[in-house]
Amino acid sequence: MQTPTLIAPSLLAADFAHLGRDVEMLNQSAADWLHIDVMDGVFVPNISFGLPVMQAIAKVAQKPLDVHLMIVEPEKYVPAFIELGAQVVSVHYEACPHLHRNLQQIKALGAKAGVAINPHTSVELLEDVLSDIDVVCLMSVNPGFGGQKFIERTYERVRKLKALINKHQTQTLIEIDGGVNAHNAPLLVQAGADVLVAGSFVFSSANPSQTIAALKG
Ligand code: DX5
Ligand code: ZN
């Protein structure tokens with residue numbers, strides 16, 4: 001039997017003036033994880049929010065916090081995010097010349113270790129560290145902004161990554177991030193995705209809670 005798909009709404013699309021209200025809505029919803037997008041204006045051409053906002057979210061959130069670090073030198077901030085309650089921390093392959101060390105750091109501090117990869121980065125590049133990765137966050141848009149168009153090539157990338165996971169028999173989860181909606185969600189799950197991040201599709205819908213439940217399938 002297939003394990004149920006996890007839904008991780010992205011707070012990047014929340015109403016920052018009413019963040020507590022939106023986190024409460026997610027607490028009451030079928031959401032499994034809360035996805036937190038941290039951008040530094042260096043690795044990606046945008047700045048989102050950092051530790052103080054993470055701390056405010058963590059105070060209200062009742063679900064695991066899935067922190068996506070779109071920052072250079074993530075090792076400098078990983079301990080602080082985990083201290084504040086991050087249960088999954090993803091660093092970018094493209095920002096980590098010593099990725100294996102980054103993964104060990106995250107795990108030693110008690111969180112699940114994730115690696116996010118940009119749309120141009122081949123999934124095969126992860127093969128030699130796959131057994132150390134709890135979650136691969138496959139970017140289905142270029143990181144930096146919510147509300148972008150889903151890159152169709154992603155399905156093929158999910159299938160390739162799933163084959164690698166099966167070959168090495170690891171427990172690695174496949175998370176998809178960017179442009180997820182009701183149309184592509186079932187196709188992504190069919191291709192092998194385990195976790196779906198959704199920002200604008202959830203928060204711009206008339207009933208976000210219902211949209212989350214519908215995405216779960
Ligand atoms: C993009 C972020 C995504 C973003 C997804 O850089 O990593 O998590 O919030 O937003 P949507 O679902 O609007 O593409
Ligand atoms: Zn993200």
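The values are calculated or read from the model by the stated rules, or taken from the named source; none is laboratory data. All values derive from a computational prediction rather than experimental measurement. Backbone-built Cβ (ideal geometry, glycine too); neighbour counts: all protein chains shown. Protein only, heavy atoms only, side chains kept; ligands, DNA and RNA dropped before computing areas. Shrake-Rupley method; radii C 1.70, N 1.55, O 1.52, S 1.80 Å.
When you go through (1) within 25 Å of MET25 (Cα to Cα); (2) under 17 Å from the mean Cα position of the chain (by Cα); (3) within 11 Å of ligand 1 (Cβ to nearest atom) one by one for SER204, which number turns out not to apply?
Going through the list (1) within 25 Å of MET25 (Cα to Cα); (2) under 17 Å from the mean Cα position of the chain (by Cα); (3) within 11 Å of ligand 1 (Cβ to nearest atom), SER204 breaks only (2).
Going through segment 160-177 one residue at a time, which ones are open to solvent by 10 Å² or more (accessible area, probe 1.4 Å) and not acidic (Asp, Glu)?
Once the filter is applied, which keeps residues that are open to solvent by 10 Å² or more (accessible area, probe 1.4 Å) and not acidic (Asp, Glu), segment 160-177 yields LYS160, LYS162, ALA163, LEU164, ASN166, LYS167, HIS168, GLN169, THR170, GLN171, LEU173.
Quick check on ALA58: is it away from ligand 1 (no atom under 16 Å from the Cβ), of a type in the set (Gly, Ala, Ser) and either touching a strand residue (DSSP E or B) at 6+ places or on another chain (Cβ under 9 Å) or in a helix (DSSP H, G or I) (or both)?
Values: away from ligand 1 (no atom under 16 Å from the Cβ): yes; of a type in the set (Gly, Ala, Ser): yes; either touching a strand residue (DSSP E or B) at 6+ places or on another chain (Cβ under 9 Å) or in a helix (DSSP H, G or I) (or both): yes.
Yes.
Does HIS120 meet the test of being in a helix (DSSP H, G or I) and within 28 Å of VAL158 (Cα to Cα)?
So HIS120 does not fit the description; no.
Looking at ALA14, is it closer than 20 Å to LEU173 by Cβ and either open to solvent by 40 Å² or more (accessible area, probe 1.4 Å) or within 15 Å of ligand 1 (Cβ to nearest atom) (or both)?
no
Go through (1) surrounded by fewer than 15 Cβ atoms within 10 Å (Cβ to Cβ); (2) within 15 Å of the chain's Cα centre (by Cα) and name the single condition GLU152 misses.
(2)
Of these, ILE176, ILE165, which one is touching a Cys at 6+ places or on another chain (Cβ under 9 Å) and outside any loop (DSSP other than H, G, I, E, B)?
ILE176
Yes or no: SER90 of a type in the set (S, T, N, Q) and in a helix (DSSP H, G or I)?
No: the conditions fail for SER90.
Pick from LYS107, LYS112: which is closer than 27 Å to SER200 by Cβ and either touching an Asp or Glu at 6+ places or on another chain (Cβ under 6 Å) or open to solvent by 30 Å² or more (accessible area, probe 1.4 Å) (or both)? Full working, then the answer.
Values: LYS107 fails: closer than 27 Å to SER200 by Cβ.
Going through LYS107, LYS112 in turn, just one is closer than 27 Å to SER200 by Cβ and either touching an Asp or Glu at 6+ places or on another chain (Cβ under 6 Å) or open to solvent by 30 Å² or more (accessible area, probe 1.4 Å) (or both): LYS112.
Does ALA185 qualify as being in a helix (DSSP H, G or I), free of Cβ contacts under 8 Å to residues at least 12 places away in the same chain and either small (Gly, Ala, Ser) or within 14 Å of ligand 2 (Cβ to nearest atom) (or both)? Walk me through how you get there before you give the answer.
Values: in a helix (DSSP H, G or I): yes; free of Cβ contacts under 8 Å to residues at least 12 places away in the same chain: no; either small (Gly, Ala, Ser) or within 14 Å of ligand 2 (Cβ to nearest atom) (or both): yes.
Spelling it out, it is not the case that ALA185 is in a helix (DSSP H, G or I), free of Cβ contacts under 8 Å to residues at least 12 places away in the same chain and either small (Gly, Ala, Ser) or within 14 Å of ligand 2 (Cβ to nearest atom) (or both).
Return the pairs, sorted by first residue and then second, in which the second residue is outside any loop (DSSP other than H, G, I, E, B) and open to solvent by 60 Å² or more (accessible area, probe 1.4 Å), the first residue lies in segment 140-167 and is under 15 Å from LEU187 (Cα atoms) and of a type in the set (Phe, Trp, Tyr), the beta carbons are less than 8 Å apart, and the residues are 6+ apart or on different chains.
From segment 140-167, the pairs are TYR155/LEU187.
Collect the residues in segment 61-86 that are part of a helix (DSSP H, G or I) and under 17 Å from the mean Cα position of the chain (by Cα), keeping them in residue-number order.
Taking segment 61-86 first, the residues part of a helix (DSSP H, G or I) are 74-76, 78-83.
The answer is PRO74, VAL78, PHE81, ILE82.
Can you name the condition, by its number, that ARG157 falls short on among (1) open to solvent by 30 Å² or more (accessible area, probe 1.4 Å); (2) over 13 Å from VAL135 (Cβ atoms)?
If we test ARG157 against (1) open to solvent by 30 Å² or more (accessible area, probe 1.4 Å); (2) over 13 Å from VAL135 (Cβ atoms), just (1) comes out false.
Take the residues in segment 130-149 that are open to solvent by 20 Å² or more (accessible area, probe 1.4 Å) and either within 24 Å of ALA163 (Cβ to Cβ) or in contact with an Asp or Glu (Cβ under 9 Å, 6 or more places away or on another chain) (or both); name whichever of them is nearest to ligand 1 (Cβ to nearest atom).
So, considering only residues that are open to solvent by 20 Å² or more (accessible area, probe 1.4 Å) and either within 24 Å of ALA163 (Cβ to Cβ) or in contact with an Asp or Glu (Cβ under 9 Å, 6 or more places away or on another chain) (or both), the one nearest to ligand 1 (Cβ to nearest atom) is GLY146.
Among the residues of segment 96-129, count how many are β-branched (Val, Ile, Thr) and within 16 Å of ligand 1 (Cβ to nearest atom). Spell out how you get there, then give the answer.
Taking segment 96-129 first, the residues β-branched (Val, Ile, Thr) are 106, 115, 117, 121, 123, 129.
With the extra rule that they be within 16 Å of ligand 1 (Cβ to nearest atom), the set shrinks to 115, 117, 121.
Summing the residues that are β-branched (Val, Ile, Thr) and within 16 Å of ligand 1 (Cβ to nearest atom) in segment 96-129 gives 3.
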